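> So that we are looking at the same thing, I have put the structure below in structure tokens.
The values are calculated or read from the model by the stated rules, or taken from the named source; none is laboratory data. Being a predicted model, the structure only gives us computed values, none of them experimental. No Cβ is skipped: glycine too gets one built from the backbone with ideal geometry, and neighbour counts run over all protein chains shown. Only protein heavy atoms, including side chains, enter the accessible area calculation; ligands, DNA and RNA are left aside. Shrake-Rupley method; radii C 1.70, N 1.55, O 1.52, S 1.80 Å.
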Amino acid sequence: MELAYYSDYAVRLVNSEEPLRGKDTLTSVEAVRDLFGVNRSAARRATDADVTRFRSVRARLRSVFEAADGGDETLAVDLLNSLLLEFPVSPQISGHDVRDDDGRPLWHMHLADHPSNATAGYAAIAAMGLAFHLTEYGVDRLGLCEAAPCRNAYLDTSTNRSRRYCSDRCATRANVAAYRARKRLEADRSQNTGRAAENAQRATANGER
């Protein structure tokens, strides 16, 4: 499992809530377990008590994205460091019994967590994954979708640092909204120009009388 994969843990947890839409899918232990994805062994540790704990970690992770999106790099790093201190992990080399064509293990770095509960394990992996992404690509690669009212978190991996939306759907919606806004502005300007011309004609006609 590549270290970059772990940063998705943070994105999945943050995006389990859409505050501006009043949506929150993190309402049950089943929802908590779903966040672990294919890591079913870790998911089985989750209990009802983890729902509240996950929400607390989610708020802290969103604060990291908000600070990064707002251009406050130092705050984003400080907030992430506090999570790393509270939820530590141990890096280990792992092969997971996967072999290459020559029968050799496909060695890679793995983050081994030693949690007291499911939340601690998830938070440790999410924070470390996000830290790897931040230090590898830069704080400005952590963003919040600009397509209001979405504000979902995303990780920008584009070559030119151009990503602004969490998904193609939001990008399309934002582009359509911008296009319609331009058309309304053009129509308003056209109407104003027409009225101005009419007023000028009336003024000229009145002056000639």
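> Ordered by residue, what ³J(HN,Hα) values in Hz, to whole numbers, does the stretch 45-61 give under the Karplus form 6.51 cos²θ - 1.76 cosθ + 1.60, where θ = phi - 60° and Gly and Pro are x?
Rounded to whole hertz, the list is 6, 5, 10, 4, 5, 6, 4, 5, 5, 4, 5, 5, 5, 4, 4, 6, 5.
> Follow-up question, since we're still on this one. How far apart, in nm, are the 7 Å Cα→Cβ label points at Lys183 and Glu136?
4.2 nm
> Could you work out how far apart the two model spin labels at Thr157 and Lys23 are, taking each label as a point 7 Å from the Cα in the direction of the beta carbon, and quote it in nm?
If labels sit at Thr157 and Lys23, their model points lie 2.3 nm apart.
> Per residue, how large is the accessible surface of the stretch 1-96? Use a 1.4 angstrom probe and give square angstrom.
53 Å²
> With the radius of gyration and the Kirkwood radius both derived from the Cα set of the stretch 28-141, what is their ratio Rg to Rh?
1.03
> Compute the relative contact order of the stretch 1-139 as a whole-number percentage, counting only Cα pairs closer than 8 Å that sit 6 or more residues apart in sequence.
35 percent
> Between Rg and the Kirkwood Rh of the stretch 14-64, both from Cα atoms, what is the Rg to Rh ratio?
That ratio is 0.97, to two decimals.
> Rounded to the nearest angstrom and ordered from largest down, what semi-axes does the equivalent ellipsoid of the stretch 1-90 get from its C-alpha gyration tensor (root of 5λ)?
22, 17, 12
> Subtracting the Cα-Cα distance from 0.36 nm times the residue separation, let me have the gained length for Ala148 to Glu30 in nm, one decimal.
Stretched out fully, the Ala148 to Glu30 stretch lengthens by 39.6 nm.
> Under 5 Å between amide hydrogens, which residues at least 5 positions from Cys166 or on another chain qualify, with H placed 1.01 Å from N in the peptide plane?
The answer is Cys145, Glu146, Ala147.
> Could you check the simple spin-label distance between Leu75 and Arg40, using points 7 Å along Cα→Cβ, in nm with one decimal?
Label at Leu75, label at Arg40, 4.3 nm between them.
> Next question, about the same structure. Which order do the peptides 83-92, 28-37, 119-128 come out in when sorted by mean C-beta neighbours inside 10 angstrom, highest first?
With the highest mean Cβ count within 10 Å placed first, the list reads 119-128, 28-37, 83-92.
> Taking a ≥ b ≥ c as the square roots of the eigenvalues of the Cα gyration tensor of the stretch 91-152, is the shape rounded (a/c under 1.5), prolate (a/b larger than b/c) or oblate?
Prolate is the answer for the stretch 91-152, as a/c is 1.5 or above and a/b outweighs b/c.
> So, one more: On the accessible surface of the stretch 33-140, probed at 1.4 Å, how many percent belong to carbon and sulfur atoms?
50 percent
> Further question on the same structure: Loop-only check: which chymotrypsin sites (Phe, Trp or Tyr not before Pro) in the stretch 47-110 are DSSP coil with at most 12 other Cβ within 10 angstrom?
Trp107
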